[in-house]
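Report on one structure; see the data block that follows.
The values are calculated or read from the model by the stated rules, or taken from the named source; none is laboratory data. Bear in mind that the values here come from a model prediction, so they are computed numbers and not experimental data. Note: ideal-geometry Cβ built from the backbone for every residue, glycine included; neighbour counts use all protein chains shown.
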């Protein structure tokens with residue numbers, strides 16, 4: 001059976017379980033007695049183990065099995081949670097993450113057995129209290145095994161099955177009966193049964209199973225099932241193969257004599273009882289899909305005997321307060337990209353239709369109404385597709401508390417991470433790329449920003465440093481801030497380092513503002529660390545932040561005050577595909593400016609323009625706003641004479657304002673952003689292009705890069 005088709009599901013679900021385990025173990029460290037947390041950890045580890053077993057990743061299964069043993073003892077009150085145990089568990093999570101990454105890269109878990117970790121987990125279990133309590137349990141288990149569990153004797157064979165067994169015996173093959181019992185705590189009995197079927201079929205042929213293969217697939221059995229197998233080997237080999245599957249409590253088996261098996265006549269006493277059937281491979285293969293897909297979520301425990309039957313699938317009645325399930329579906333991001341492209345083309349076609357209708361004289365009123373209706377539908381369709389693509393940034397930031405905990409121990413600094421706005425949503429493609437920049441900024445705050453506890457106390461600060469990660473929506477942008485209450489950026493130290501590296505000349509350094517000096521930190525290989533460690537010092541951090549953010553059409557800025565701390569602000573667009581824009585004309589060419597950055601549009605007389613430090617500014621409602629003549633930036637000739645009033649678009653980036661001087665304004669329009677491609681070296685202030693309704697191509701101006 002080829003299980004590679006379930007690889008993506010396995011990787012996604014494994015990552016979710018690992019992140020859940022990271023979060024819950026962090027909670028366990030602060031609340032060691034919280035049984036809800038302990039139970040959640042046990043369930044996640046149990047599911048992860050089952051998934052690894054189903055996919056055949058034995059090393060990963062072994063490690064999660066030993067972790068599960070530890071959690072089981074903690075849950076039973078036999079072991080107390082200690083900081084040492086938590087450290088070992090986090091190392092195990094790192095090892096499991098390595099396994100999953102190997103699977104992602106090569107579909108194989110790798111060769112690392114992680115024996116030191118397994119020994120440490122066993123050492124946690126090997127306590128005097130545990131040994132005392134395990135002795136009676138082992139004695140009880142052995143006593144249970146000595147009972148007569150040969151339930152294969154209850155199987156009644158029909159004439160065809162008897163004939164197969166006789167023929168196999170005449171050929172010198174062995175016939176065995178097996179009864180396999182799964183553990184009471186097993187969540188997915190069908191998955192375990194399938195693995196037993198698979199292991200046994202590698203050594204022989206299953207003649208009949210009881211319950212039938214279909215009932216086993218549907219989990220319509222208690223805790224055991226029986227098989228009659230024809231094989232060349234001995235019974236011990238079969239028992240060992242079946243017992244090697246996880247969560248199997250016992251395997252009982254022996255050679256059978258056909259005369260001891262009661263034959264079932266087709267006109268026998270129990271005509272309505274379904275016959276045990278030979279285990280068809282198709283049914284077992286279908287079970288693989290069920291096991292792989294459903295392994296991610298814990299299935300409900302086996303229903304007690306006598307419980308009323310569950311409602312039929314067609315019955316829509318639902319008990320009050322019962323949660324709605326199966327309301328979500330996993331969709332490949334590439335399929336969403338295709339859907340977004342189709343919506344984009346639909347919007348371009350709509351714009352073309354609007355453009356044509358505007359050129360037609362004396363058009364029918366009903367045509368106008370239908371065009372308006374089409375505009376509403378396409379706008380709603382676009383919003384719906386965008387909502388599908390939007391995911392909370394929680395999926396990225398949830399891993400950072402663990403990282404800060406590890407850095408606190410590694411750097412020997414006391415620090416806490418406070419996060420807000422985890423529910424803020426961003427386009428999936430942006431969320432996938434934002435993780436590395438945020439990680440670098442947090443590590444920068446932990447290593448460079450926060451002072452040692454002794455120095456903080458001397459300065460009158462709390463001994464425990466604080467790092468804040470805040471996310472919120474600001475218009476059509478999402479803002480993510482990373483700030484700390486540490487030392488702040490020493491501008492003089494940065495300047496001296498830049499002079500030492502030859503990044504700037506002494507004349508340039510003398511005329512640089514504090515902001516320009518701080519911006520030097522974003523240069524590749526630039527670092528103020530005095531020594532290189534595994535945390536920082538190599539200068540590969542802030543340059544990654546800047547390049548990643550700019551690639552996402554965003555921008556990053558820094559505010560710092562020496563002795564008080566720093567704030568790193570990342571501003572990202574909500575979407576990278578379709579925006580509402582203001583169409584303007586500069587030098588006879590059409591350009592688009594995102595409405596999300598526009599504050600107002602002003603009519604300015606030439607005499608209102610003043611010069612400050614040889615730069616044009618205007619005074620508008622109490623604010624001094626610098627002017628940017630787009631004709632100069634774009635190197636085109638303005639169509640307006642110097643005596644005419646200026647049409648100025650006031651744009652905003654954070655708390656900064658600027659006035660973009662344009663020649664004319666066309667109006668608002670929904671546009672599709674098209675990349676200029678890697679063959680064209682695009683300017684920083686050009687974020688892409690769009691196709692207008694009349695077929696023209698207009699460049700999109702990035703106001704953030706102009707301010």
Quiz item: How many of the residues making up the range 448-486 are assigned to a helix (DSSP H, G or I) and either touching a helix residue (DSSP H, G or I) at 6+ places or on another chain (Cβ under 6 Å) or surrounded by fewer than 17 Cβ atoms within 10 Å (Cβ to Cβ) (or both)?
Solution: 4
Quiz item: surrounded by 15 or more Cβ atoms within 10 Å (Cβ to Cβ), at pLDDT below 90 and closer than 25 Å to residue 350 by Cα, is that true of residue 707?
Solution: no
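Each row is one residue, and each column tells you yes or no for (1) part of a strand (DSSP E or B); (2) in contact (Cβ under 8 Å) with a residue 60 or more places away in the chain.
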site	(1), (2)
617	yes, no
636	no, no
649	yes, yes
700	yes, yes
Exercise. Might you let me know whether the range 40-57 holds any residue that is within 18 Å of the chain's Cα centre (by Cα) and in contact (Cβ under 8 Å) with a residue 60 or more places away in the chain?
Key: yes
Quiz prompt | Test for residue 366: is it without any contact (Cβ under 8 Å) to a residue 12 or more places away in the chain, outside the structural domain of residue 441 (by TED's automatic domain parsing) and under 30 Å from residue 671 (Cβ atoms) | solution = yes
Quiz prompt | the range 360-376, residues that are touching a helix residue (DSSP H, G or I) at 6+ places or on another chain (Cβ under 9 Å) and assigned to a helix (DSSP H, G or I) | solution = 367, 368, 371, 374, 375
Quiz item: Say we look at the range 418-428 and pick out the residues that are surrounded by fewer than 21 Cβ atoms within 10 Å (Cβ to Cβ) and touching a helix residue (DSSP H, G or I) at 6+ places or on another chain (Cβ under 7 Å); which of these is modelled with the lowest pLDDT?
Solution: 428
Exercise. Could you figure out which of (1) out of contact with any helix residue (DSSP H, G or I) (no Cβ under 7 Å at 6 or more places or on another chain); (2) assigned to a helix (DSSP H, G or I); (3) surrounded by 11 or more Cβ atoms within 10 Å (Cβ to Cβ); (4) at pLDDT below 80 isn't true of residue 357?
Key: (1)
Quiz item: Any idea how many residues of the range 554-580 are within 15 Å of residue 474 (Cβ to Cβ), part of a loop (DSSP other than H, G, I, E, B) and touching a helix residue (DSSP H, G or I) at 6+ places or on another chain (Cβ under 7 Å)?
Solution: 1
Practice problem: Restrict the check to the range 134-148 and report whether at least one residue is more than 47 Å from the chain's Cα centre (by Cα) and at pLDDT 50 or above. | Solution: yes
Quiz prompt | The lone exception for residue 560 - which of (1) under 22 Å from residue 656 (Cα atoms); (2) at pLDDT below 85 it fails | solution = (2)
Self-check item: Breaking point among (1) out of contact with any strand residue (DSSP E or B) (no Cβ under 8 Å at 6 or more places or on another chain); (2) in contact (Cβ under 8 Å) with a residue 40 or more places away in the chain, for residue 437
Solution: (1)
Self-check item: Residues of the range 581-614 classified as out of contact with any strand residue (DSSP E or B) (no Cβ under 6 Å at 6 or more places or on another chain) and either assigned to a strand (DSSP E or B) or loosely packed, with under 15 Cβ neighbours inside 10 Å (or both), total
Solution: 10
